[in-house]
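*Asks:* My questions will all concern the structure given below.
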Amino acid sequence: MARSDVQLMLDVKAGDEQSFELLLQRYRTPLVNFLYRMVRAREEAEDLAQEVFLRVYRARKDYVPSAKFTTWLFRIATNLALNSVRDNRHQRMEVSLDAPVTMDAEDGDEKPLDIAEKHPNIEQYLVEEARKKMIRHAIDKLPEKQRAAVLLHKYQELDYGDIAKILECSESALKSLLFRAYETLRVELAPLVARQGK
Amino acid sequence: MSCSRMENKILAYVDGRLKESERLQVEKHLAACGACQLRVNEFRAVTSLLDEVPQIAPSAAFDVRVRARVAAEPVQQGWWAWFTPSPRVAFAASLLLLATVWIGYEQPQLSFENSKEADAQMMQEMQVLDDQDVISNFDPLKDLPQPVQPEDQTNQTGQPNQTM
Ligand SMILES: [Zn+2]
């Protein structure tokens, strides 16, 4: 039987380093993905995720299982992400004003020729890429707190009470935060939403 | 129920997270309100669009870096332990050294900016090593960039510090 997160953390507290390794394996991918969508830069996301694990390790001696482990973990991650987004905002605004509108750092280094070679059905590939890009951009454009709420709700499947604790707001404030986020997404993604409905 | 009271319930309804009694209330409203029904359909479309966002995998060096940072953490012991050599610290230091050398090995494959960041990371880790005061005469460390001397004039001219 797999040990629960709380049990693993209590074992880490008791000095079992192997349990920390198991927590690392269990949460590195969700954490890196959450942070990547929050800060929109891969390397920074990985640095922050490392920082989360380090903080978990540092806090092991004082760990008391008062809340769900994931709530605690994502609260650390969310605080780091929100601070990072706020610290970088000025810098990023300068970058985005200078960058051509069509540039997308996330699209990687694939050059048009490489794409044509790798994907025989180029038109279909481009349509799918444009679609994914549109969805990513719609998420990226959400205000950071709404973005965090959507990511925790959609991808971590945490319940409203847990997400409210992570974002330090009431449950009803969280629900209206999520409602506004989904309203924005519904408008931003209108062309895709209309097709999806059919 | 009014449309405005629906706002806090629509997403939970789409998720199937409502209590039975609330769900019935919502469905009663939906049966009579085209606008809210449309919103439900569109929120459903949005959640399935969000499923299309691809996941990324952490890089190969991720675990190594976490382990190195954890190994570099000071051991929590009584003050007297500070005077006696600790096998655990020595083990942690050698693990960290191994990881640092390994990360250093990876650098040629990284872009210039990446390697700058990896350098910063490495220097940060070395700083922690220095604090341990365990391996100050360790040979492999001699290959690392020397700290800038106080009499180094290049720093006075606003040149970026090469070791950073
Ligand atoms: Zn209505």
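*Asks:* What number goes with the only condition from (1) surrounded by 17 or more Cβ atoms within 10 Å (Cβ to Cβ); (2) touching a helix residue (DSSP H, G or I) at 6+ places or on another chain (Cβ under 6 Å) that residue B:67 does not pass?
*Replies:* If we test residue B:67 against (1) surrounded by 17 or more Cβ atoms within 10 Å (Cβ to Cβ); (2) touching a helix residue (DSSP H, G or I) at 6+ places or on another chain (Cβ under 6 Å), just (2) comes out false.
Residues checked against (1) touching a residue at least 24 places away in the same chain (Cβ under 8 Å); (2) over 19 Å from residue A:147 (Cα atoms):
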{"site": "A:29", "(1), (2)": "no, no"}
{"site": "A:42", "(1), (2)": "no, no"}
{"site": "A:67", "(1), (2)": "yes, yes"}
{"site": "A:85", "(1), (2)": "yes, no"}
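*Asks:* Considering only region B:37-45, I want to know if a residue exists there that is at pLDDT 95 or above, more than 15 Å from the ligand (Cβ to nearest atom) and surrounded by 13 or more Cβ atoms within 10 Å (Cβ to Cβ).
*Replies:* Looking for residues that are at pLDDT 95 or above, more than 15 Å from the ligand (Cβ to nearest atom) and surrounded by 13 or more Cβ atoms within 10 Å (Cβ to Cβ), one finds at least one in region B:37-45, hence yes.
*Asks:* Suppose we filter region B:2-11 for residues that are more than 7 Å from every other protein chain (Cβ to nearest Cβ), among the hydrophobic types (A, V, I, L, M, F, W, C) and either more than 14 Å from the ligand (Cβ to nearest atom) or surrounded by fewer than 14 Cβ atoms within 10 Å (Cβ to Cβ) (or both); how many remain?
*Replies:* 1
*Asks:* Cβ-Cβ distance below 7 Å, separation of 6 or more or different chains: which pairs start in region A:45-60 with a residue that is without any contact (Cβ under 8 Å) to a residue 40 or more places away in the chain and assigned by TED's automatic domain parsing to the domain that holds residue A:76 and end on one that is part of a helix (DSSP H, G or I) and of a type in the set (Ser, Thr, Tyr)?
*Replies:* From residues that are without any contact (Cβ under 8 Å) to a residue 40 or more places away in the chain and assigned by TED's automatic domain parsing to the domain that holds residue A:76, the pairs are A:45/A:36; A:48/A:84.
Conditions tested, residue by residue: (1) closer than 19 Å to residue B:39 by Cβ; (2) aromatic (Phe, Trp, Tyr); (3) not in a helix (DSSP H, G or I).
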{"position": "A:127", "(1), (2), (3)": "no, no, no"}
{"position": "A:136", "(1), (2), (3)": "no, no, no"}
{"position": "A:139", "(1), (2), (3)": "no, no, no"}
{"position": "A:153", "(1), (2), (3)": "yes, no, no"}
{"position": "A:161", "(1), (2), (3)": "no, no, no"}
{"position": "A:169", "(1), (2), (3)": "no, no, yes"}
{"position": "A:177", "(1), (2), (3)": "yes, no, no"}
{"position": "A:187", "(1), (2), (3)": "yes, no, no"}
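*Asks:* Another question, if that's okay. Of everything in region B:12-36 that's under 43 Å from the mean Cα position of the chain (by Cα) and of a type in the set (Gly, Ala, Ser), which residue is nearest to the ligand (Cβ to nearest atom)?
*Replies:* Once the filter is applied, the top-ranked residue is B:35.
*Asks:* Another one. Out of the residues in region B:12-52 meeting the condition of being of a type in the set (S, T, N, Q) and more than 21 Å from residue A:139 (Cα to Cα), tell me which one is nearest to the other protein chains (Cβ to nearest Cβ).
*Replies:* B:37
*Asks:* Within the set of pairs 6 or more residues apart or between chains, which connect a residue that is assigned by TED's automatic domain parsing to the domain that holds residue B:11 and part of a helix (DSSP H, G or I) inside region B:29-43 to a residue that is more than 8 Å from the ligand (Cβ to nearest atom) and of a type in the set (Lys, Arg) with Cβ atoms less than 6 Å apart?
*Replies:* Listed pairs, sorted by first residue: B:42/A:186.
The values are calculated or read from the model by the stated rules, or taken from the named source; none is laboratory data. Predicted, not measured: the structure shown is a model, and the values here were computed from it. Please note: Cβ atoms are built from the backbone with ideal geometry, for glycine as well, and neighbour counts cover all protein chains shown.
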